[in-house]
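Below is one structure, written out as structure tokens; comments come after it.
Each value in this text was obtained by applying a stated rule to the coordinates, not by laboratory testing. In this text the structure is predicted, and so the values were computed from the model without any measurement. Please note: Cβ atoms are built from the backbone with ideal geometry, for glycine as well, and neighbour counts cover all protein chains shown.
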Amino acid sequence: MGKDGMKLAVALAAENAPPDAFVVWRGFEQSIPKAAHLGYHGVELALKAADEVDPDKLHAWLEAANLKVSAITTGQVFAGLGLHFTHPDPGGRERTFNVFRNLIALAKDFGGIVNVGRARGFVAEGQSRRETERLFVDMARRLCDAAGPVGVEIVIEPVNRYEINFINTLDEAAAVLAKVRRDNIGLMPDTFHMNIEEAEMGAALARHGRAVRYVHLADSNRLAPGQGHVDFDDVFDGLRQGGFDGWACIEILPRPDPDTAARQAAETVLPMIERYNRG
Ligand code: LER
Ligand code: MN
């Protein structure tokens with residue numbers, strides 16, 4: 001266990017983020033103090049471009065609340081901009097690289113981790129799985145090589161089959177990461193997706209523990225942990241066996257309303273994290 005142990009963040013997006021940005025709260029200035037008040041240690045920023053935040057203002061809001069940024073996530077780069085690693089068109093891949101390069105530059109000062117969810121791309125009509133994988137490995141290497149010198153890590157999030165047809169499980173993610181062959185790339189399990197895709201969640205986390213750098217926590221129905229049927233004791237046991245001591249982040253639907261969802265999640269998960277960190 002690292003000296004700080006596991007910490008808990010909550011996912012935020014900009015005020016004008018579309019409904020398909022999967023976050024608890026919108027609006028950074030208003031949400032950061034609310035997260036601190038509920039006992040979260042940090043906030044995750046769901047962005048589609050680095051210029052959605054003003055770094056000086058963000059620093060000031062975080063400092064006032066004594067919070068950190070846990071990571072930058074990029075679902076909206078895919079959902080909002082239609083950009084992804086395996087774009088059949090080289091221009092689309094170049095635009096993807098540029099957006100990610102700017103997010104990496106932002107992550108240097110905020111969190112040090114950039115996630116790749118659906119922006120990893122997919123097997124498109126007329127494209128072979130082999131070609132998709134080749135394009136993915138190529139882009140992942142380029143981004144790792146841009147991120148390494150500024151101390152940023154890239155994390156790949158397996159996403160369930162109903163959202164994407166490429167990298168659905170931790171085993172699949174680990175297999176492609178072995179082909180990327182870079183030190184600053186790791187795995188980002190999301191318990192919502194794992195509940196759909198993994199045979200045994202705890203066992204999968206234990207099996208891939210050394211590569212797990214960041215975790216998304218949501219229940220089976222994508223509500224706050226405790227509101228569905230995921231066995232979080234099994235999840236935390238698996239993380240413990242893997243020696244995980246990074247950030248976990250609450251990424252859930254804002255239901256019945258954002259404040260209630262954030263409170264339910266904090267009340268359930270913060271005591272689990274305290275127990276986890278006591279060993
Ligand atoms: C993003 O972190 C995520 O979990 C995905 O479901 C978004 O498509
Ligand atoms: Mn997620």
**Report entry** Where chymotrypsin sites (Phe, Trp or Tyr not before Pro) fall in DSSP loop in segment 111-189, at most 11 other Cβ within 10 Å
**Finding:** Y162
Query raised in the report: If each residue's Cβ is checked for other Cβ atoms within 10 Å, how do I32, I273 rank with the fewest at the top?
Result: I273, I32
**Report entry** Residue-wise HN-Hα coupling along segment 122-134, computed from phi with Karplus coefficients 6.51, -1.76, 1.60 (Hz; x: Gly, Pro)
**Finding:** 7, 7, 7, 3, x, 9, 8, 4, 5, 5, 4, 5, 4
Query raised in the report: Using only Cα atoms, what Kirkwood radius does segment 106-226 have, in angstroms?
Result: 14.8
**Report entry** segment 7-278, dipole about Cα centre (Lys/Arg Cβ +1, Asp/Glu Cβ -1), debye to the nearest 20
**Finding:** 620
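If you wrap a convex hull around the alpha carbons of the chain, what volume per residue comes out, as a whole number of Å³? Let's see the in-between values first.
On the way: hull volume 32.6 nm³, N = 279.
Convex hull of Cα atoms, per residue: 117 Å³.
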Report summary line: In whole Hz, the Karplus estimates of ³J(HN,Hα) for segment 33-38 (6.51, -1.76, 1.60; θ = phi - 60°; x where Gly or Pro) are x, 5, 4, 5, 4, 7
Report summary line: At q = 0.09 Å⁻¹, the log10 of I(q)/I(0) for segment 45-166 from a Debye sum over equal Cα scatterers comes to -0.25
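Can you show me the helix-derived [θ] at 222 nm for the chain, built from DSSP H runs with n ≥ 4 at -39,500 (n - 2.57) apiece and divided by the number of residues, rounded to the nearest 500. Walk me through the numbers on the way to the answer.
Details: 10 runs with 122 residues, N = 279.
Here the helix-only value at 222 nm equals -13500 deg cm²/dmol.
Can you list the trypsin sites (Lys or Arg not before Pro) in segment 1-85 that are in a DSSP coil and have 12 or fewer other beta carbons within 10 angstrom? Don't skip to the answer; put the middle values down first.
Numbers: sites: K3, K7, R26, K34, K48, K57, K68; in loops: K3, K48.
Passing both the DSSP loop test and the Cβ count: K3.
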Query raised in the report: For the residues I154, I164, what sequence is obtained by ranking on other C-beta atoms within 10 Å, fewest first?
Result: I164, I154
Query raised in the report: Near the amide H of W25, under 5 Å away, which other amide H atoms are found, from residues 5 or more places off or on another chain, if H is placed in the peptide plane?
Result: A13
Query raised in the report: Quick one: how many lysine pairs in the chain have C-alpha atoms under 26 angstrom apart, if they're 8 or more apart or on different chains?
Result: 18
Requested in this report: Could you tell me which of A13, Q264, G226 has its Cα farthest along the dipole of the chain towards the positive end, charges placed at Cβ (Lys, Arg +1; Asp, Glu -1), taken about the Cα centre?
Outcome: A13
Query raised in the report: By what distance, in whole Å, do the Cα atoms of segment 160-279 stretch along each of the three principal axes, largest value first?
Result: 42, 36, 25
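Relative contact order (percent) for the chain, with alpha-carbon contacts under 8 angstrom and 6 or more residues of separation? Working shown, then result.
Numbers: 567 pairs, mean separation 54.9, N = 279.
Dividing the mean separation by the residue count of the chain yields 20 percent.
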**Report entry** Peptide ranges 261-267, 70-76 listed from the most packed, as the mean C-beta count within 10 angstrom indicates
**Finding:** 70-76, 261-267
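Which order results if L270, L239 are arranged by neighbouring Cβ count within 10 Å, fewest first?
Starting with the residue having the fewest Cβ neighbours, the order is L270, L239.
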Report summary line: So the FRET efficiency between H37 and S128, C-beta based with R0 = 51 Å and rounded to 0.05, is 0.50
